[in-house]
Amino acid sequence: MGDINTAMTEQYRNDFLKEVEANVEEGQWVKMCMQCGVCSGSCPLGPAWEHPPQEIFMMIRAGRRDEVLKSESMWMCTSCYNCIVRCPRELPITHIMHGLANYAHRLGLAPKMNPTRRFAKMFWKNLTKSGRVNEIQLSVGLYFMDGFKTGVARAWAMKDIGLGMLKTGRLNPLGFVNHKGCKDKNGIHKMLKKAREIEDRRKGFAA
Amino acid sequence: MADMKIGAYVCQGCGLGERLDTKALTLVAQKEGKAHVVREHEFLCNGQGVAMIQKDIDEGVNRVVIGACSRRAKAEAFSFENVAVARVNLREQVIWSQPATEEARELTQEMAADYMRMGCAEAKKVQAPIPNPEHGTNRRVLVVGGGITGMTAALEAARAGYDVLLVEKTGALGGFMAKLHKRIPYREPFADPQATGVEALAAAVAQESRITVFLNSTTTRTSGAPGRFSVDITTESGQTQTENVGAIVMASGFTPYDAAKLPEFGYGKSQNVVDQAGLEALARAAAAKGEPMRRPSDGKDIKSVVFVQCAGQRDATGTHLKYCSGHCCNTSMKQAMYFKEQNPDIDTAIIYTDLRTPGNGEDFYRSAQRKGVIFTKGKVASVDVNSSGAATVHFHDLILDDKAATMKDVDLVVLATGQVPNSGVNIDIPAGAEDVDVAKAAEQSVSVLNLTYRQGPDVPQLRYGFTDSHFICFPYETRRTGIYTAGPVRRPMDIAQAVEDATGAALKAIQAVENAGLGRAAHPRSGDLSYPTFRREGCTQCKRCTVECPFGAIDEDEQRYPQFNESRCRRCGTCMGACPVRVISFENYSVDSVGSQIKAVDVPDEFSEKPRILLLACENDAYPALDMAGVSGHTSSAFIRTIPVRCLGSVNMIWITDALNSGYDGVMMMGCRHGDEYQCHFVKGSELASYRMSKIDDTLKNLNLEKDRVRLLEVAIADIKRVPELINDYAAKIQEIGMSPFKGF
């Protein structure tokens, strides 16, 4: 991953924009933004973003590579799709945000302790292991993400909901140990490996 | 007049019969109005009613008073040949403006009776107008300027069957468009620059047999009036020939704002900074050689181009142009595409503050984005060019709020400077000095039309040197009848808009020659046959009419009396309002015709608690608003007596003093908005009225009357709810200050 990570970008040159177009999912849309700001105004989490989507798009065009890729902003997206619905230029903003986050992650530039990133990693691992999500493992993992003490506190806070789910048969505690994966686990692993290879080749990541 | 015979008719339709005692109204007309024939009819505007009136006319009635609906309704039904008609508005402004209650009945009837008296008084003083005898019948159209606007206007007029003289200052047709490499697209899919097609257009003009082209020529003297203009066309070598034309289209175009005034952007310091016109020249030169565009300073490959929008435009400091020229955003996109066509890897950035893409520019904008033109919202502070020719653009990034943003190693900087109109001499003494464009000062010394009009050699300007046109209602009209400006001399615009403008102006020119040929007025009193005349022996040669005519219609004759040039006149009556000795009148509208209506009103005594308020309402906006208020059921004071006037500019002070002297308790005037955002149909009428009325305080003081006895108001045609409120407010005010002491004298 080394080479691409140190790529030099000059301010207000198209290099970074072109990089985004080539490597980021739906990145070819970034140039179509007309800077109206409707996305930023529509985002329910807007005030919490350091750089709302409108600004991210401008930063990409301004060649601010590091600032964009190291940003926490796109990790804030909750996929509510308000921006996509409202964008007068019909940019798939939600997808671009996820695409940027993913790209930053692949480059190793994404903020390490970002909770969304950590959860996403956990989810991916959980899912791909058996080809099917193990819900109880995932929730326990999420609770205890920041250590045992906070984990207990989080689980305790959720106990009523947990018990309710247990009563109505929505939660199987045995699943923790007795998880049924999908039939052809190895097939899934092979498929994912192949997909990864293709993506890496296309986007120039070292294998 | 000895053989004057008045017929007065009162309609009973539309509820008039139920709400009013129409019999009593006919008696008023007969006894007080001295009508010879009076009749009621249950449905006056139907065939039977009209036939009844016509029969009386055939038997000798020559003045008709119609007590029915507003003059704005049923105009066709109640138009009788060679007979003056006075319309008494009993419907909209009497029964519909008053509550339909038993208590209101008495006041409503009094109101109707007064209006009948006024109608009869007016009928005595007016005559059916005959066409002016001075009209000319020349149907040729002169087009000044051979650019896209001028060529389009010439072709449109020619194809409509009118002969055209096309005068072009330079040695070839084409104007600014001939200097362009390509033009902003004007056809689907609005994605790529298109060929200008200027050669084909110039060839079409040359081939058109109805068009005579004068190259290297200017108009050195223009006199006359619509239908009979006389124009001297002088060639560069000094040969002059005089031609007669019926109307003129002035399409003198624009000059790009001088980029040399923008040294902060590096213009003049480096060849690598050009204006948009400069870039077109580069593109044309490169295309002619079949080569790509190169850096002007050293011929190196171009890798990066920056477009600076609003360079010397929309300037708040007052140094440069204050306005937006409208075309430049689209033009910069087009020019950025030249580079993208040459090599898609060339970085092209457009730095803008507000992207404005008129017409189908939004599609063009998207196309530019698709091609990779980068748009950066920012304000450029300066451009430095180093010794090797590379430029650095310093700007404030407005999205990222980075005041120190820079673009480095830029090979070419293009400045989007604006359009400065070639409008000739500014004949008005500028009202606000800050509005005078410094850049224009030099060019202003050269006149375009060289009119021999008393008010000056060119058409009046509104702001920033653009010619005055009533752009809400009559965009092509100037303040010189029969002369139409089109293209960027009227307002900043691009080619597509100029083509539309030229077509409109050509049609207006055709209308003008046709109207002039029949001795009729042009807009807004289109078709009006009346024209101003003056009583020579009464004239004191004060020149106020010649100075104040908003259309420069009035010249001076050899004996220094006003010469009206009827075909240039728009019939607003501003001269009539201006005349201190009241010698100017129209056959169907005069100081006397309105004055006698004022005097015809029955003014009750001081103790009656029935004040009388005169309302002089502009017939273009205020009077329709009053009508529509009635239609919408908004009631207002029953003490108001309304007289429509052609324009507040035609209001003569004598009407005000007469009204106050004869016991009216207040005088209201309603006219259109004036000033820079004026809505006055006669441009200056309401402004002049407000100026004149600002002097009324002295008169009121002399009469020992309160200031509030006279009130001037600006209303728009849409003020349907506001107008009755204004009336009621004023009626309440009059109630407060009490009755006029002048009653019964």
Legend entry - The one condition in (1) more than 11 Å from chain B (Cβ to nearest Cβ); (2) in a loop (DSSP other than H, G, I, E, B); (3) touching a helix residue (DSSP H, G or I) at 6+ places or on another chain (Cβ under 6 Å) that A:Cys80 fails to fulfil: (3)
Inset, instruction - Kindly check whether there is at least one residue in the range A:88-97 that is within 14 Å of chain B (Cβ to nearest Cβ) and surrounded by 15 or more Cβ atoms within 10 Å (Cβ to Cβ). - result: yes
Inset, instruction - Determine if the range A:69-76 includes at least one residue that is part of a loop (DSSP other than H, G, I, E, B), touching an Asp or Glu at 6+ places or on another chain (Cβ under 9 Å) and crowded, with 21+ Cβ neighbours inside 10 Å. - result: yes
Inset, instruction - Just give me the residues in the range B:29-46 being surrounded by fewer than 23 Cβ atoms within 10 Å (Cβ to Cβ) and not in a loop (DSSP other than H, G, I, E, B), in sequence order. - result: B:Gln30, B:Lys31, B:Val37, B:Arg39, B:Glu40, B:His41
Inset, instruction - Quick one: in the range B:57-101, of everything that is in contact with a strand residue (DSSP E or B) (Cβ under 7 Å, 6 or more places away or on another chain) and aromatic (Phe, Trp, Tyr), which residue is modelled with the lowest pLDDT? - result: B:Phe80
Inset, instruction - Kindly indicate the residue of the range B:520-567 that is β-branched (Val, Ile, Thr) and part of a loop (DSSP other than H, G, I, E, B) and also farthest from B:Ala689 (Cα to Cα) among those meeting that condition. - result: B:Thr540
Inset, instruction - Being crowded, with 20+ Cβ neighbours inside 10 Å and over 18 Å from A:Lys70 (Cα atoms) is the filter; apply it to the range A:10-29 and report the residue that is farthest from the other protein chains (Cβ to nearest Cβ). - result: A:Trp29
Inset, instruction - Working only within the range A:30-68, note down all residues that are facing chain B (nearest Cβ under 9 Å), of a type in the set (A, V, I, L, M, F, W, C) and either surrounded by fewer than 19 Cβ atoms within 10 Å (Cβ to Cβ) or in contact with a strand residue (DSSP E or B) (Cβ under 6 Å, 6 or more places away or on another chain) (or both). - result: A:Met32
Inset, instruction - Say whether the condition of being among the small types (Gly, Ala, Ser), surrounded by 21 or more Cβ atoms within 10 Å (Cβ to Cβ) and more than 9 Å from chain A (Cβ to nearest Cβ) is met by at least one residue in the range B:337-358. - result: no
Inset, instruction - Would you check if there is a residue in the range B:660-671 being among the acidic types (Asp, Glu), buried (at least 20 other Cβ atoms within 10 Å of the Cβ) and in contact with a Gly (Cβ under 9 Å, 6 or more places away or on another chain)? - result: yes
Inset, instruction - Go through the residues of the range B:392-405 one by one and say whether even a single one is part of a loop (DSSP other than H, G, I, E, B), within 14 Å of chain A (Cβ to nearest Cβ) and over 42 Å from the mean Cα position of the chain (by Cα). - result: yes
Inset, instruction - Report those strands (runs of 3 or more DSSP E) wholly inside the range B:161-273 carrying at least 2 residues which are at pLDDT 95 or above and either among the polar types (S, T, N, Q) or in contact with a Cys (Cβ under 9 Å, 6 or more places away or on another chain) (or both). - result: B:217-223, B:229-235, B:240-245
Inset, instruction - Go over the candidates B:Lys408, B:Lys379 one by one and state the one that is more than 10 Å from every other protein chain (Cβ to nearest Cβ), part of a strand (DSSP E or B), under 21 Å from A:Lys31 (Cα atoms) and touching a Ser or Thr at 6+ places or on another chain (Cβ under 8 Å). - result: B:Lys379
Inset, instruction - Kindly indicate whether any position in the range B:54-75 is in contact with a Cys (Cβ under 9 Å, 6 or more places away or on another chain) and surrounded by fewer than 23 Cβ atoms within 10 Å (Cβ to Cβ). - result: yes
Legend entry - The one condition in (1) crowded, with 18+ Cβ neighbours inside 10 Å; (2) under 30 Å from B:Thr481 (Cα atoms) that B:Gly675 fails to fulfil: (1)
Inset, instruction - Starting from residues that are under 15 Å from A:Met32 (Cβ atoms) and surrounded by 16 or more Cβ atoms within 10 Å (Cβ to Cβ), keep the ones in the range B:359-370 and report whichever is nearest to the other protein chains (Cβ to nearest Cβ). - result: B:Gln369
Legend entry - Odd one out for B:Glu291, checked against (1) without any contact (Cβ under 8 Å) to a residue 12 or more places away in the chain; (2) part of a loop (DSSP other than H, G, I, E, B); (3) touching a strand residue (DSSP E or B) at 6+ places or on another chain (Cβ under 8 Å): (3)
Inset, instruction - Could you pull out the residue among B:Thr108, B:Thr137, B:Thr149 that is closer than 22 Å to B:Ala629 by Cβ and touching a residue at least 24 places away in the same chain (Cβ under 8 Å)? - result: B:Thr108
Inset, instruction - Return the only residue of A:Glu25, A:Glu10, A:Glu50, A:Glu19 being assigned to a helix (DSSP H, G or I) and acidic (Asp, Glu). - result: A:Glu19
Inset, instruction - Run B:Val373 past the list (1) within 14 Å of another protein chain (Cβ to nearest Cβ); (2) in contact with a Leu (Cβ under 6 Å, 6 or more places away or on another chain); (3) among the aliphatic types (A, V, I, L, M) and report the number of the one that doesn't hold. - result: (2)
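This table checks each residue for (1) surrounded by fewer than 19 Cβ atoms within 10 Å (Cβ to Cβ); (2) without any contact (Cβ under 8 Å) to a residue 12 or more places away in the chain.
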position: B:Gly487; (1), (2): no, no
position: B:Glu500; (1), (2): yes, yes
position: B:Leu507; (1), (2): yes, no
position: B:Val513; (1), (2): no, no
position: B:Leu518; (1), (2): yes, no
position: B:Gly527; (1), (2): yes, no
position: B:Arg535; (1), (2): yes, no
position: B:Gln559; (1), (2): yes, yes
position: B:Phe564; (1), (2): no, no
Legend entry - Of the criteria (1) farther than 25 Å from B:Thr234 by Cα; (2) out of contact with any helix residue (DSSP H, G or I) (no Cβ under 9 Å at 6 or more places or on another chain); (3) charged (D, E, K, R), which one B:Asp458 fails: (1)
Legend entry - Pairs with Cβ under 8 Å, 6+ apart, first in the range B:621-632 and without any contact (Cβ under 8 Å) to a residue 12 or more places away in the chain, second part of a loop (DSSP other than H, G, I, E, B) and of a type in the set (D, E, K, R): none
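The values are calculated or read from the model by the stated rules, or taken from the named source; none is laboratory data. Not measured: the values here are computed from a predicted model. Because the Cβ atoms are built from the backbone with ideal geometry, glycine has one as well, and the counts that use them run over all protein chains shown.
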